[in-house]
1. Among 15-22, 46-53, how do they line up by average Cβ neighbours within 10 Å per residue, starting with the highest?
2. To the nearest 20 debye, what is the magnitude of the charge dipole of the chain about its Cα centre, counting +1 on the Cβ of each Lys and Arg and -1 on the Cβ of each Asp and Glu?
3. Pull up the cross-link candidates among the aspartates and glutamates for residue 33, meaning alpha carbon to alpha carbon under 17 Å and not fewer than 8 places away within one chain.
4. Hey, what do the phi angles of the stretch 87-92 turn into as Karplus ³J(HN,Hα) couplings, whole Hz, using 6.51/-1.76/1.60 and θ = phi - 60°, x for Gly and Pro?
5. According to a simple spin-label model (label point 7 Å from Cα along Cα-to-Cβ), what is the distance in nm between residue 12 and residue 50?
6. Net charge within 11 Å of residue 91 by Cβ-Cβ distance, Lys/Arg positive one each and Asp/Glu negative one each, not counting residue 91 itself?
7. Using the per-residue mean of other Cβ atoms lying within 10 Å as a proxy for protection, in what order, highest first, do the peptides 69-77, 85-93, 25-33 fall?
8. Assuming R0 = 25 Å, can you tell me the calculated FRET efficiency for the pair residue 81 and residue 19, based on Cβ-Cβ distance, to the nearest 0.05?
Amino acid sequence: MITADKINPLNVLRCREVSDPPPYFKYLTLDIKYNIVDSVKLWIYDNLKHRFYIGETLTIDNNQFVVKIKIGFEEPKDASFFLLACPLLKYASI
């Protein structure tokens, strides 16, 4: 049963996941060992309310280029809740 409080207008308008990372988002970089990006997206859609960005970024680690996952949240509260509650983070190192 879908109620009015469960419908997110950003989902209806398909503008919840942004394609380019805005500079004002709060970002986290994760070193994900498995391909769980789709699962992380699903968790974000199910448990958070605001806009987000998820994509790959190139970082330097021990003098080597490493591809990591960059996750950004429009609301800093979403970033905090993601770090505290997402069970998929046990497969990643922050």
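1. 46-53, 15-22
2. Taking the Cα centre of the chain as origin, the dipole is about 120 debye.
3. Straight-line reach from residue 33, under 17 Å: 56, 61.
4. x, 6, 6, 5, 9, 10
5. About 2.1 nm, to one decimal.
6. Details: positive: 33, 90; negative: 31.
Local net charge: +1.
7. Answer by packing, highest mean first, reads 69-77, 25-33, 85-93.
8. About 0.60, to the nearest 0.05.
Readers should treat all values here as calculations from the given coordinates under stated rules, not as data from a laboratory. As the structure is a computational prediction, the values presented were derived from the model and not from experiment. Here Cβ is always computed from backbone atoms with ideal geometry, including for glycine, and neighbour counts include all displayed protein chains.
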